[in-house]
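What follows is a set of notes on a single structure, which appears directly below.
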Amino acid sequence: GAVVSQHPSRVICKSGTSVKIECRSLDFQATTMFWYRQFPKQSLMLMATSNEGSKATYEQGVEKDKFLINHASLTLSTLTVTSAHPEDSSFYICSARAGTGMSTQYFGPGTRLLVL
Amino acid sequence: GQQLNQSPQSMFIQEGEDVSMNCTSSSIFNTWLWYKQDPGEGPVLLIALYKAGELTSNGRLTAQFGITRKDSFLNISASIPSDVGIYFCAGQPQGGTASKLTFGTGTRLQVTL
């Protein structure tokens, strides 16, 4: 099946620093990638949708200047958490979709972010 | 954001028992998906349903797309310890590049020997 990787798997950073998380589709070209955030014991909440070569679409309440998304190629999307604060500590998960509309989303293994 | 209601929220069952969980929505969905998430991992797709009334199996798992298109259920037969995890339903309202998944609240399954 399709494989999506994330790097790093976990990161600890100091408050005020920026953190970049990479999401790669390893064996298919992803026209669309999605970024989710999951707090402990909660469900996945969509943060933004990105299409290769265009600006990301952010969900309501998600600050686009704080969570920078770059989908530079059909196999790579990055999420940068700028000026991270402790409340940004969470599990960030990306997913990738090969086609449009009804095609399946494949999820990455997630990145655990802890901001001290 | 919108979430789908899943029930039960959590369940303890004995190994070998059958499990049933469901997902309901106030909105219509054109696709229903069921995922399993292990601790510290991303969700893994179990079953995808694309048509109202569709009943699909994947090994010991069976899922159905409700006729009203507002609900779905997942059954696990003869549970085993590795079935432990959180099960999420997800709905997709329509096709096209803008279609997004809405996730359910999750059902935490724990299996006792």
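For the residues of B:41-49, the average number of beta carbons from a partner chain within 10 Å of their own beta carbon is 5.
Between B:N58 and A:D27, the modelled label-to-label distance comes to 1.6 nm, taking each label 7 Å out from Cα in the direction of the beta carbon. For the peptides B:77-88, A:11-22, A:31-42, residues were scored by their other Cβ atoms within 10 Å and the scores averaged per peptide; the highest-first order is A:31-42, B:77-88, A:11-22.
Normalised by the number of residues in chain B, the mean separation of alpha-carbon contacts (under 8 Å, six or more apart) gives a relative contact order of 37 percent. Within the listed set B:T56, B:T68, B:T24, the residue fluctuating most in the Gaussian network model of chain B (springs between alpha-carbon atoms under 10 angstrom) is B:T68.
Distances over 12 Å make up what percent of all Cα-Cα pairs in the stretch B:1-43?
Of all Cα-Cα distances in the stretch B:1-43, 75 percent exceed 12 Å.
Each Lys or Arg adds one and each Asp or Glu takes one away; over the other residues whose Cβ falls under 14 Å from the Cβ of B:T24, this sums to +1.
Using a Gaussian network model of chain B in which every pair of alpha carbons under 10 angstrom is joined by a spring, one finds that among B:N22, B:N30, B:N58 the greatest mean-square fluctuation is at B:N58. Working from Cα pairs under 8 Å separated by at least six residues, relative contact order for chain A is 37 percent. A compact globular protein would have a Cα radius of gyration near 2.2 N^0.38 Å; the ratio found for the protein assembly as shown is 1.01. Counting only other chain Cβ atoms within 10 Å of each residue's Cβ, the peptide B:6-19 averages 0. Which residue, B:E15, B:E41, B:E54, tops the fluctuation ranking in a GNM of chain B built on C-alpha contacts under 10 Å? Taking springs between Cα atoms under 10 Å, the residue moving most is B:E41.
Coordinate-derived values only; no laboratory data. Fair warning: this is a prediction, and the values are worked out from it, not measured in the lab. Methodologically, a virtual Cβ is constructed for each residue, glycine included, from the backbone with ideal geometry; neighbour enumeration extends over all protein chains shown.
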